[in-house]
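**Q** Supplied in structure tokens, the structure appears directly below.
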Amino acid sequence: MSIAVRIREVGPRDGLQAEEPVDVAERVRLIDALAAAGLHEIEAVSFVSPKAVPSMAGAGDVMAAITRAPGVRYVALVPNVKGAELALEANVDALSVTVSASPAYNEKNVRMTVDESVESVAGIAKIAAPLPIDAVVSCAFGSPYEGDLEPADVDALGRRLLDAGATSLTYADTTGMATPRRVDDLLDRTGIDVGLHLHETRGTALVNAYAAVERGVRRFDTSVGGLGGSPFAAGAAGNLATEDLVHLLDDLGLDSGVDLDKLLDVSAEVARVVGHAVPSRIAAAGPRSRLSSS
């Protein structure tokens, strides 16, 4: 099957990272259900210190317990070489690593300078090749500390990360500062062979995704239910909801490979697991296909 738009589901990592810890068995069930709904790439875990991020403890146990669905790529976020070593021991299919275009945010998030983070990516690449390594450039559309960032500078950081050994790039609107115009401005520099990781802080994630789709971008990070958010940026809201993007893509005739009805069942289960309603608008209102014709 040819998939027109590839979605990397980040709910089990980015989404749950912002919640109270969920036990390993529940996380495994979530990952398996997302694969059954048709997600072909799932950021399942993060190999970070459990003291720093308690909700991501037990990453190795999660990877050992999931049912490996054919054709699904299971990704781990790693902050450094040690995390990459643990991920490789857990037999992940790909790695993601975050480096911020905002120096202040990078220090708060990973306690390294941007230069040190680039060097860390190089170290990860040395031990992980030929595994795919996606470098996620956070705060790509602006920083809560430095304000607006120049697209040329963001693009330059991305190119440094490719030179360091990353095999692909994703640009993240970590604090929800992007608008369609600013998406255009960055894509003018980077080209369209990139991923986008969008947040709903200012209610613009879906319109930004649409603008990017119109430009030809075909890779997006989303989170089931719209869960997520950065603890290092005041007011940061959750990720673009997977079901919201799938609903839009279905209407545009762009295949994501995802069964929306199955995905909505997973979203409802996520709400039960985290103990509160999820932010997704499609989860709340239902898809157009469920509207009464009367």
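All of the numbers you see were taken from the coordinates with simple rules; none came from a lab. Computed from a prediction, not measured in an experiment: that's the story for all the values here. Cβ coordinates were reconstructed from backbone atoms using ideal geometry, including for glycine residues, and neighbour counts include every protein chain displayed.
**Q** Can you give me the distance in nm between label points at Arg288 and Arg272, each placed 7 Å from the Cα along the Cα-to-Cβ direction?
**A** About 3.0 nm separates the two model spin labels.
**Q** So, one more: May I ask for the distance between the Cα centers of region 148-167 and region 48-123, given as a whole number of Å?
**A** Each part's Cα centre sits 19 Å from the other's.
**Q** Further question: Which residue, Leu196, Leu77, Leu88, has the most motion in a Gaussian network model of the chain that connects Cα atoms within less than 10 Å?
**A** In the Gaussian network model the winner is Leu88.
**Q** Could you check which residue among Gly142, Gly158, Gly257 shows the biggest mean-square fluctuation in a GNM of the chain with a 10 Å Cα cutoff?
**A** Gly257
**Q** Could I ask something else about it? Less than 19 Å from a label point 7 Å out along the Cα-to-Cβ axis of Ala64: which backbone N atoms in region 92-122 qualify, by residue?
**A** The answer is 92-93, whose backbone nitrogens lie closer than 19 Å to the label point.
**Q** Mind sorting Met112, Met177 by how few other Cβ atoms lie within 10 Å of their own Cβ, fewest first? Write down the numbers at each step before the final one.
**A** Numbers: Met112 17, Met177 21.
Final ranking by Cβ density, sparse to dense: Met112, Met177.
**Q** Okay, moving on. Taking the structure as given and computing semi-axes √(5λ) of the Cα gyration tensor in Å, which label from [x] 32, 24, 19; [y] 27, 23, 18; [z] 38, 31, 18 fits?
**A** [y]
**Q** Roughly what would the spin-label model give for Leu252 and Ile192, points 7 Å off Cα along C-beta, in nm?
**A** The two pseudo-label positions are separated by 1.0 nm.
**Q** Cut-off is 10 Å between beta-carbons; in what order do Leu187, Leu240 appear when sorted fewest neighbours first?
**A** Values: Leu187 20, Leu240 29.
Exposure proxy ranking, most exposed first: Leu187, Leu240.
**Q** Could you pull out every one of the lysines with an alpha carbon less than 23 Å from that of Lys82, ignoring same-chain neighbours closer than 8 positions?
**A** Leaving aside lysines fewer than 8 places away in the same chain, those within reach of Lys82 are Lys51, Lys108, Lys126.
**Q** Then there's this: May I ask you to compute the full-extension gain from Arg111 to Ser2, defined as 0.36 nm times their residue separation minus their alpha-carbon distance, rounded to one decimal in nm? Please list the in-between numbers first.
**A** On the way: separation 109, 0.36 × 109 = 39.24 nm, distance 4.06 nm.
Computed gain between Arg111 and Ser2 is 35.2 nm.
**Q** When the helix-only estimate is applied to the chain (DSSP H runs of n ≥ 4, each -39,500 (n - 2.57), divided by the residue count), what is the mean residue ellipticity at 222 nm, nearest 500 deg cm²/dmol? Before the final figure, lay out each step's value.
**A** Working: 11 runs with 119 residues, N = 294.
About -12000 deg cm²/dmol.
**Q** Could you grab the relative contact order for the chain? Cα pairs under 8 Å, six or more apart, rounded to a whole percent.
**A** On the way: 602 pairs, mean separation 58.0, N = 294.
About 20 percent, as a whole number.
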